[in-house]
Amino acid sequence: TAQAATRPIIARTGLVLVFNLHHRRPEAVDLHTSRRRVLPEVLLVGAQWVRRTDIVMTTGWTSFSVHFHPAGLHRLFHMSVRPFTNTIVDAVEVLGPSLERLYRQVKAAATPSAMHRLVEGYLLTLVADAAPLHPVARAAFKMLDRHGAVSIADASRASGLGQRHFERRFVEQLGMPPKVYTRVARLDFV
């Protein structure tokens, strides 16, 4: 029998799209209820700042992951990322059935390079309709570059938005308030 390892989902600022390549699907354990659920084949792991879930994987579990730049998923799919924060969701349900076809192609690909070309090709089809880089995304890049050492008031002023509007747009595009984002960016750096 295969051995299982439990891994916490660590704090991170970005969203991750994960294609399960293993023959067995991992499970998620809700830390509040101790309930387990089998995860879908294609996962969307939101930005994390509260540990709510651990993942149980069998030995040999493999995946292909796409780590989005700040606001990248928001720009490509034109949706708020807030509902995905601190959770794992079925990416096909959220992002559309075209991901199911892509998943089958990725899983059948012979090499990681072939997987990369398939996923890159899919994402490039979305770029033509991508939203422009918003000032809150620029602020998020700056926060990451400076390892969280950025004043929220200064970031808001530099964006040209009032602080409340800046914070609302930040949560919509990045999934967490800017103050929490800077904290997680510092933790990532450490």
>> From Cα pairs below 8 angstrom and at least 6 apart in sequence, can you work out the relative contact order of the range 1-111, rounded to a whole percent?
In response: 33
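If I compute solvent accessible area with a 1.4 Å probe over the protein chains, what percent of it on the range 55-190 is carbon and sulfur?
56
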> Taking a probe of 1.4 Å, how large is the accessible area per residue of the chain, in Å²?
Replying inline: 55
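So if each residue of separation counts as 0.36 nm, and I subtract the Cα-Cα distance between T59 and R104, what length gain in nm does that give?
Details: separation 45, 0.36 × 45 = 16.20 nm, distance 2.21 nm.
Residue separation times 0.36 nm, minus the Cα-Cα distance, leaves 14.0 nm.
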>> Helix-only estimate, please: 222 nm mean residue ellipticity of the chain, summing -39500 (n - 2.57) across DSSP H runs of length 4 or more and dividing by its residues, to the nearest 500.
In response: -12500 deg cm²/dmol
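Which shape class, rounded, prolate or oblate, goes with the range 25-120 when its Cα gyration tensor gives a ≥ b ≥ c as root eigenvalues, a/c under 1.5 marks rounded, and past that a/b bigger than b/c marks prolate?
Verdict is oblate for the range 25-120.
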> Given the C-alpha centroids of the range 1-36 and the range 150-190, what is the distance between them in whole angstrom?
Replying inline: 28
>> Classify the range 1-59 from the C-alpha gyration tensor, please: rounded if a/c falls under 1.5, else prolate or oblate depending on whether a/b exceeds b/c.
In response: oblate
> Which value in nm describes the separation of the simple spin-label points at F189 and Q3, placed 7 Å from the Cα toward the beta carbon?
Replying inline: 3.7
>> Tell me the relative contact order for the range 99-178 as a rounded percent, counting alpha carbon contacts under 8 Å between residues six or more apart.
In response: 19
>> Charges on Cβ only, +1 for Lys and Arg, -1 for Asp and Glu, centred on the Cα centroid of the range 141-190; of V184, I152, F170, which one is farthest towards the dipole's positive end?
In response: I152
> Relative contact order, percent, of the chain when contacts are C-alpha pairs under 8 Å separated by at least 6 residues?
Replying inline: 24
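The values are calculated or read from the model by the stated rules, or taken from the named source; none is laboratory data. Keep in mind that this is a model prediction, so the values were computed, not measured. Please note: Cβ atoms are built from the backbone with ideal geometry, for glycine as well, and neighbour counts cover all protein chains shown. When the accessible area is computed, the model is the full protein with side chains, heavy atoms only, and any ligands, DNA or RNA have been set aside. Shrake-Rupley method; radii C 1.70, N 1.55, O 1.52, S 1.80 Å.
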